[in-house]
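Notes follow the structure.
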Amino acid sequence: MQPAFDVDQLSRPEVIRNPYPYYDLLRDQSPIFGYRDYPPGTMPGVDDPKPSWVVLNFEDVAAVAWDHESFSSRDSLQEESSAPSLMLVNHDRPEHSRLRKIAAKAFQPSSIKSLAPQVDALVAACMDDFFVADQPVDVMADYCAMLPSRVMAYLFGMPPEMDRDVNNWATAFMLSADIGPEERQAYNVEAMAFFDTHVKEQMARIAQGKEIPGPLLDAFIRTEVDGDRLSFEEIVRFCMTATVAGAETTSFYLGNLITVFADFPDIWRTFADDPGQFDAIYKEVLRFHGPPQRLFRVATRDITIGKADIRRGDWIACFFGAANYDPDVFPEPYEFRLNRKNANRHMSFGYGIHRCLGAPLALLEAESTARMLRERYRQIERAGEPVWQDVSLLNHGLQSNPVIFRARD
């Protein structure tokens, strides 16, 4: 019997807005063939997405993500397009091991923690710029878009006034902006041209013995592991990767965190009374409203997943968002629970060798945001219906999130 919902309908706007019930309709059939969608950076209307297998249950998603030898991260569609390939995300071993070893040193937890004062200052400034107490505020219009963009601009030593540029580049590349292919391509070209010039200028300053702004760019240029350093081209593409991924995904996460505080008053009260609960809240938001939904892999050999015979060269869409709602792993997944003992098993940062290196930075921005919300406001209320973006299933996040921040007496 033909199912009421087909896998090729996953890209419908109403599904993108709230994909979880539709994952449930397909989970028992997973893996299921016929899904078409676009990898980051490619051009809807220009590039032709390949049909892929959809993997939805936790066990299979974990198996595909972990088995990097059987499932390649190289993205031929992206490589054949005009978009720059993402660093690490689209690399396999042994090149992935080399690049990650250097990048991991730049992203080491102690280095990220040392950024706390600067991130706090940016959070405070963004709240001063964009929040008005006791009046409706759409946090997605400014704060959630601009804070991650300002953080990335700081990390790469960019002029602060380029925060809007960073946001435009990220939403264009990550496909969450509903824009035409020519404009999307223009943003990609603009971003790569900027980093090409910017990195050259900063490398020249370092060669002259001068300090440069931008601690992450400085680390990308100077870091050496076993006598190996990143090439100029690799540094440029790392800048592009970190900028678009760090700005876009964190923007959605911050919006999703604030919507949990607004829609679940008991969660906000729990946090307000005991800020030590933030870690549990942070992890459950990543499971409940985790932005990353899916990434593609390509089979390097014939292999069987469940009842599906995957052939060498077949594309597989790993739905991390669906794995986060697998009731066999997370009972009653539609409930937001702080007492989930396995909340840290969420898939929102990926799994295996491609687990997100930027996770500590996202945590830093979220921690600082939550702490300052608690210090400044006694309550967060819903001021209107939230509107979830419906352009791309790459990320799950809000287009509009109107709330009211009630000032402390």
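Some points to look at:
- Membrane-span-like helices in the chain (whole DSSP H runs, Cα extent of at least 30 Å along the helix axis, mean Kyte-Doolittle hydropathy of at least 0.5): 232-263.
- When only alpha carbons of the stretch 273-409 are considered, Rg and Dmax amount to 18.2, 65 Å.
- Translational diffusion coefficient (Stokes-Einstein; Kirkwood radius from C-alpha pairs) of the stretch 151-216 at 4 °C, 1.567 mPa s, in µm²/s: 101
- In Å², nearest 10: area of Asp163 left accessible to a 1.4 Å probe: 20
- Computed over protein heavy atoms with a 1.4 angstrom probe, the accessible surface ordering of Arg164, Arg312, largest first, is Arg312, Arg164.
- Debye-sum result for the chain in log10 I(q)/I(0), which assumes one identical scatterer on each alpha carbon, at q = 0.08, 0.10 Å⁻¹: -0.42, -0.67
- Note on the stretch 323-398: Rg/Rh from C-alpha atoms, Kirkwood Rh, equals 0.99.
- Put Val61, Val391 in order of accessible area, highest first, and with a 1.4 Å probe you get Val391, Val61.
- Accessible surface comparison of Arg269, Arg376, probe 1.4 Å, protein chains only, largest first: the order is Arg269, Arg376.
- Tail fraction, Cα-Cα pairs, the stretch 9-76, threshold 16 Å, whole percent: 58
- Backbone amide hydrogens, once placed in the peptide plane, bring Met140 within less than 5 Å of Asn401, excluding anything fewer than 5 places away on its chain.
- Accessible area per residue was computed with a 1.4 Å probe on protein heavy atoms; Leu357 scores about 40 Å².
- For the stretch 286-409, accessible area per residue (1.4 Å probe, heavy atoms of protein chains only), Å²: 42
- Put simply, the amide H of Val225, placed in the peptide plane, has no neighbours under 5 Å, leaving out anything fewer than 5 places away on its chain.
- Charge dipole magnitude, Cβ of K and R +1, D and E -1 - the stretch 59-169, Cα centre, debye nearest 20: 680
- Charge-dipole axis of the stretch 229-304 as Lys and Arg at +1 and Asp and Glu at -1 on Cβ define it, positive-most pick from Ile258, Val244, His289: Val244
The values are calculated or read from the model by the stated rules, or taken from the named source; none is laboratory data. Since the structure is predicted, the reported quantities are computational estimates derived from the model, not experimental observations. Every residue, glycine as well, gets a Cβ built from its backbone with ideal geometry; the counts of neighbours run over all protein chains shown. Note: accessible area is taken over every heavy atom of the protein model, side chains too, but ligands, DNA and RNA are not part of it. Shrake-Rupley method; radii C 1.70, N 1.55, O 1.52, S 1.80 Å.
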